[in-house]
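These notes are about the structure you will find just below.
The values are calculated or read from the model by the stated rules, or taken from the named source; none is laboratory data. Computed from a predicted structure; not experimentally measured. In this analysis, Cβ positions are derived from the backbone assuming ideal geometry, glycine residues included, and neighbour counts consider all displayed protein chains. Note: accessible area is taken over every heavy atom of the protein model, side chains too, but ligands, DNA and RNA are not part of it. Shrake-Rupley method; radii C 1.70, N 1.55, O 1.52, S 1.80 Å.
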Amino acid sequence: MCAFFLLPHLYIFTKFAQNFVAMEYNFSEIEKKWQNYWKDNSTYKVEIDKSKPKCYVLDMFPYPSGAGLHVGHPLGYIASDIYSRYKRLCGFNVLHPMGYDSYGLPAEQSAIQTGQHPAVTTTKNINRYREQLDKIGFCYDWSREVRTCDPKYYKWTQWAFIQMFNSYYDNDADKAKPIAELIAKFEKNGSSVNAASSESLSFTASEWNSYHEKRKQSILMNYRIAYLSDTRVNFCPKLGCVLANDEISEGLSIRGGYPVEQRVMRQWSLRVSAYAQRLLDGLDHLDWSDSLKETQRNWIGRSEGTEMKFKIKGLDVDFEIFTTRADTIFGVTFMVLAPESDYVEKVTTKEQRAAVDEYLAAVKRRTERERLADRKVTGVFSGSYAINPLTNEEIPIWISDYVLSGYGTGAIMAVPAHDSRDYAFAKHFNLPIIPVIEGCDVSEESFDAKDGIMTNSGFLNGKNVKEAIAATKVYVKEHNLGRVKVNYRLRDAIFSRQRYWGEPFPVYYKDGVPYVMDEKSLPLELPEIENFLPTASGEPPLGHAKNWCTQEGYPYELNTMPGFAGSSAYYLRYMDPSNNNALVSHEANDYWQNVDLYLGGTEHATGHLIYSRFWNKFLFDLGVVCKDEPFQKLINQGMIQGRSNFVYRIKDTNKFVSYNLKDQYEVTPIHVDVNIVSNDVLDLEAFKNWMPDYKNAEFVLEDGKYICGWAVEKMSKSMFNVVNPDLVVERYGADTLRLYEMFLGPLEASKPWDTNGIDGVHRFLKKFWSMFYNNDQLNVSEDNLTAEELKSLHKLIKKVTFDVENFSFNTSVAAFMICLNELSSLKCNKKEALETICILLAPFAPHISEELFHALGHNTSVCDAQWPKYDESYLKESTKKYAISFNGKVKSTMELPADMSKEDVEKTVVSSETVSKILAGKEIKKIIVVPGKIVNIVF
RNA sequence: GCCGAAGUGGUGGAAUCGGUAGACACGAAGGACUUAAAAUCCUUUGAACAGAAAUGUUCGUGCGGGUUCAAGUCCCGCCUUCGGUACCA
C-alpha cells in the first residue's frame, strides 16, 4: 500500500523531468529526426518541372582528400545551401547537386607509399566526406551525384576529347567545326584556310592529295583542337616523372630532393588559345566580381602589337619578335632570345658556344616560375648581331631567361630606356641605353610610361607615343617588315599526365599515328595495375598494364588526362546524370540551361574557371549545350584560416608558463592542439595525455589558468589547428555550425576559424526555442501583433531578404539576433511572428526551423513554405533623429518629423537653443542638410 | 617579379549611395538566482584626460599626403598579410 501511494509522486516527478529534458533544445535528437524525414520523403529530390522557374545552384565539387573535411570546406556549401533553400521558398525549382572530383595526385601518391589502390583510398575518402556532409543537413539531391573516376561519368570526358580531336577552329566562322570540313578544304584549296594552328603551313591542293596518310595526319595534328605537340616540362629523372612547379623548390623535387630539369616531351594539348577572344568577350556578360574578371583578363592577356622581322648579320635567317611598343624601335640597343628559342642554335657563334651551353645548362635547372620571380639578371651573348630594319644598325643578340619561349615569339627587341627589365639587363651588361621620348630621365631607372613626344627616332620625331605606334605599324606593313598582330598570353593547355589515377585517353597508335576510338566503344576503362611508378624504361604507369591495346593489337595511349578534364563539364552532367546516350539530353539542358550561382574559392580563377568556360564554349559550338557560358553568377568564398594555439616551454625544462607570464622566462613557443584549448585556456589534463613527452609537464599558471598564445596560420595538421566539423556538430549541433560559419564574417573574406564565438549563436538558437516553450509546454499565443512587434518583424523580413539576395549572411544572422532581442524584451510569443521567423530562419538553420514549424501545427516541410513578404507601411517612422554637426563634428542630435522639408529642418535647427549655445554668437558660413540624416553647420 | 584581395576595440566583425565609427556577437569585470555548479537573466566595456556624478574634452578605422562642409568609404605614394602564377586540387 505504502508503495502504491508513493508511486504517483515518483511518476509525476520523472514524467516532469522527462518532459523538461525533452522540451529543452535537444539538437542532436532534432537533427537526426529531420535528416531522416528528409531522406525518407525525398524532400530534396528534384525533377524537371516546367510549371516553375528553374534555379541552378552549384558548389565547386571537392577533391576527397584523406584528411576529411575541416571546418573551412563547408563555408561555401552552407552559403549555397542557404541560397538554394531561399530560392525554393521563393517558388523556384532548384537544382542543387553535389559530387566528387575524384581523380588526382594525392590518391596516387598514397598508393605509391602504402600500396593501397587509389580506387580503394578514393572510395573510403568519399564515404567519409559523405558522412560528414550528411551531418550538416544540406539540401543536395544526392540521386544526381557524380564521381569523375566513375566509368559512366568519364565516358563523357573521353567523348568530349574525341570531339576535340575531330574538330578544328575556323577563325572566320569563329567556332569549332568538324575536321572533315577542313580536310575537304585542303583537298580543294590546299592550306589557304583561316584556322587556328600550331604553326602556319603552306601546301597546295594537289600536294595535299598526293601526301601519304601519315603526312596528312601529321598536318591535321597542327589544326586539331586536341592535338599532340612537343612541350616543355619539369622532369625529374630520378623520380621518372614530370613535376608541377609546386612540387619543386630551388631546382630540386620536394619529394626526395632530386634534381629537376627542363625536358621536351610529346604531349596532348587543348587549343584553348583559339578561344582566347571569346573567353575575353564572354566576361562582359557574366555576373562575376570585377576582380575575378580582371584576373581572367590579365591571364588571357590580350595585347595588340607588331610582329617584326629582324635580319641576322652574315646569316640567311631572319627572326620575328613581337612588341607592343613599335614606337620605340629607334631605342633598340640589343635583342634577347629565350633560352629555349629555336634561333639560339642558329645564332650562337663558335667563340660563344661554350658560354652559351653553360648558360643553357644553368637555365635548364630552373622552373618557369623561379625564372619570373627572380630579379637576378643573367644572360649570355650569342656572338651574332641583328640588323635594325629601320636604322640598319647592328645590334647584339643576347640570350636570357627573362624572355619566355611560350609568350609571343620567344624573342624581343630590347629598349632599355623604356622597359624596366631591359633596363636592368642593359645596366648589368653595360649595354647602351638610348631614350627616345623627350625630356625623360633614364639615368636611374627606365621610363615605362606610354606618353610623351618621340625624339632620336627618325621619321617618328615630334609624334606622341600613340601616333608613333600607329605610324610604325604603317611603315612596317608598307616595307614588308612584319605585320600587325594581336597576341595573347593565354597558352594552350597541356593535357597529358604521366600518371595512373586519371582518365585514359580513348586513343590508340597505328604505325605511330594516333587515332581516336569509336565513340560506341566508350568508356575505355582504366586498367588494373599493381605498380603505380613509371616503368623501368621510363614510360608512364600504364606501361605496366597487361593487354593495354585494341583487339587488333594497336597500343593504347599510356598517358592519362589531367585533373581539370573531369571537372570541366561536370555541371552539365548533374542535369542528366544517368543518361547513357548523351552527356546531357537536349531536354534537360533546355530546362536547366546553365548554372545560376556558382560558389567556390578564388584559387580556381585561372585554372578550372578558364578550362570550364573553354570546354563549354566548345560544346556550344557543337550544339550540345544551349548556353555559351557555364556559370552566370559566381561568388568566391574566402579561405578559412586556422587559429593556432601555443604553449610556452621554459628552456631546458618540461615546465610551461602561461601566456602573460612568459616574458619573465626564456621560452620556446610550441603548437598545441586547438581541440584541447577552450577560449585560449588550456585543458591541463588533456595536455598531459596529448603526447607522451608532456605526461609529467608542470605549469606556471595565472589566476589558476593556463592561457595559450595564438596566431592565425594556414589550417593544417602540422600546426595542430585543424577543427573538424563533426566535433562541432556533436557539441553544438549542425544548425549552430551553419549559423556560426555564416556569422563569422563576410562570405568572400578570408578569416580565421575561432571557436570562441560559437556560444553566441548557440545561445541565440536556445533563445528562439525558449520563445516557443515555457517549461514543458508549447506556449504560443494567437493574439495579433502590435505595431511595435510588426515593425520589428517586417524589419527582419526586409533585412534578411535583402541580405540573402546579396550573400551578406553574417549581417542577416545579426538581424535575427536583433529581432529576437526586441521581441523577447516585448515578451512576444505570438504565433504570427514565430511562424514567420521559422520560415526566414529555415534556410540558415533548417533542423530547428522544421521542428518548430511542425510544433506550430504544420504537417508539411518548412522547405515548401512561402517566403514572407515585408510590408513597408509597418516600417515607416514618423520622426527622424538628425545628427547636428559643427564643422563636421557631431555635437548633438535632434528629433524631427520625417516628412519635414529641407528648408524647415534648416530653420528649426538654426533657431534651436542647443545650436545657438554652441555657436555662441559666431557667424554661420554654410549649412548642409542631408534629409533624414545629418545637418552640418559650418562657421 | 607580375596579377588579384584585404588591413576598423582584447577578439570575429558592422557601417549597403561620402553623412552620428564600433551594430551583432565573443571575451572580460560586476551583480541576481542556486547549498553549489551549469544554465539563464541584468549592468558596464575603443583609448586618454577632467569630474563626486550627470557629463565633458581630445584622440581614434595599417602608415604618409591630398580632395571635401563632411573620408573607414574617393585620389596619390608606401608598408604588411593572404591567394594565384599554367602538372596540387
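Some notes on this structure:
- With contacts taken as Cα pairs under 8 Å at a separation of at least 6 residues, the range A:112-198 carries a relative contact order of 17 percent.
- On the beta carbon distance between residue A:427 and residue A:873, with R0 = 51 Å, the FRET formula returns roughly 0.10.
- Label point 7 Å beyond Cα of residue A:661 along Cβ direction - residues of the range A:692-725 with amide nitrogen under 18 Å: A:696-710
- Per-selection metrics, the range A:508-648 (Cα): Rg and Dmax in Å: 20.4, 69
- Calculated accessible area for the range A:879-938 comes out at 65 Å² per residue, all protein chains present (probe 1.4 Å; ligands, DNA, RNA ignored).
- Shape of the range A:362-428, Cα gyration tensor, a/c cut at 1.5: prolate
- Debye log10 I(q)/I(0) for the range A:333-376, one point scatterer per Cα, at q = 0.13 Å⁻¹: -0.33
- Dipole of chain A, positive end: most advanced residue of A:269, A:888, A:676 [Cβ charges, Cα centre]: A:888
- Three-way shape label, the range A:122-179, alpha-carbon gyration tensor, a/c 1.5: prolate
- The H on the amide N of residue A:699, modeled in the peptide plane, is under 5 Å from the matching H of A:656, each at least 5 residues off or on a different chain.
- Overall dimensions of the range A:288-401 as given by Cα atoms, namely Rg and Dmax in Å: 16.7, 56
- Here each label is just a point 7 Å from Cα along the line to Cβ, and for residue A:891 and residue A:120 those points are 8.2 nm apart.
- Helix content alone sets the calculated 222 nm mean residue ellipticity of chain A: runs of n ≥ 4 DSSP H residues at -39500 (n - 2.57) each, divided across all residues, give -10500 deg cm²/dmol.
- Percent accessible area from carbon and sulfur atoms, chain A, protein chains only, probe 1.4 Å: 50
- Long-range amide H partners of residue A:601 with built H, under 5 Å: A:637
- Using the Cβ-Cβ distance between residue A:351 and residue A:724 with R0 = 60 Å, the FRET efficiency computed as 1/(1 + (r/R0)^6) comes to roughly 0.35.
- Taken along the Cα-to-beta-carbon direction at a fixed 7 Å, the label points for residue A:580 and residue A:484 span 5.7 nm.
- Amide H within-cut-off set for residue A:99, under 5 Å, with H built and near neighbours excluded: A:146
- Accessible surface calculations at 1.4 Å, restricted to protein heavy atoms, place the range A:640-721 at 57 Å² per residue.
- Computed about the Cα centre, the dipole magnitude for the range A:90-137 is approximately 120 debye when only Lys and Arg (+1) and Asp and Glu (-1) carry charge, each at its Cβ.
- Electrostatic bookkeeping for residue A:134 treats Lys and Arg as +1 and Asp and Glu as -1; over the other residues with beta carbon under 13 Å from its beta carbon, the sum is 0.
- Average projected area [Cα convex hull, the range A:800-939], square nanometres: 11.4
- Distance violations [Cα-Cα > 32 Å] among A:54/A:795; A:766/A:933; A:346/A:485; A:881/A:922; A:175/A:214; A:799/A:881: A:766/A:933
- Note on the range A:18-169: semi-axes of the ellipsoid equivalent to its C-alpha gyration tensor, largest first and rounded to whole Å, are 33, 25, 12.
- Backbone phi angles across the range A:362-371, fed through the Karplus curve with coefficients 6.51, -1.76 and 1.60 (θ = phi - 60°), yield HN-Hα couplings of 5, 5, 4, 7, 10, 7, 4, 5, 5, 5 Hz in residue order; Gly and Pro are listed as x.
- Alpha carbon Rg of the range A:631-745, scaled by the compact-globule rule 2.2 N^0.38 Å: 1.27
- Taking all protein chains into account, the per residue accessible area for the range A:739-873 stands at 41 Å² (1.4 Å probe).
- Note on the range A:185-308: the C-alpha convex hull projects to 12.3 nm² when averaged across all orientations.
- Computed from the Kirkwood radius of its Cα pairs, the Stokes-Einstein diffusion coefficient for chain A at 25 °C and 0.890 mPa s stands at 73 µm²/s.
- Global form of the range A:130-243, assessed from the alpha-carbon gyration tensor, a/c cut-off 1.5: prolate
- Efficiency of FRET between residue A:549 and residue A:109 - r from beta-carbon atoms, R0 35 angstrom, step 0.05: 0.80
- Residue-by-residue Karplus 3J(HN,Hα) for the range A:428-436, coefficients 6.51, -1.76, 1.60, Hz, glycine and proline x: 5, 9, 6, 9, x, 10, 10, x, 10
- Convex hull volume of the C-alpha atoms in the range A:739-873, normalised per residue: 111 Å³.
- Computed label-point distance, nm, for sites residue A:201 and residue A:917 using a 7 Å Cα→Cβ extension: 9.2
- Length gained on full extension, residue A:45 to residue A:29, computed as 0.36 nm times the residue gap minus the Cα-Cα distance: 3.4 nm.
- Magnitude of the charge dipole, chain A, Cβ model with Lys/Arg +1 and Asp/Glu -1, debye to 20: 380
- Estimated Rh, the range A:879-938: Kirkwood, alpha-carbon pairs, angstrom: 11.3
- The slack between residue A:774 and residue A:529, meaning 0.36 nm per residue of separation minus the straight C-alpha distance, is 81.7 nm.
- In the range A:302-488, the inverse of the mean reciprocal separation of distinct Cα atoms equals 16.7 Å; this is its Kirkwood hydrodynamic radius.
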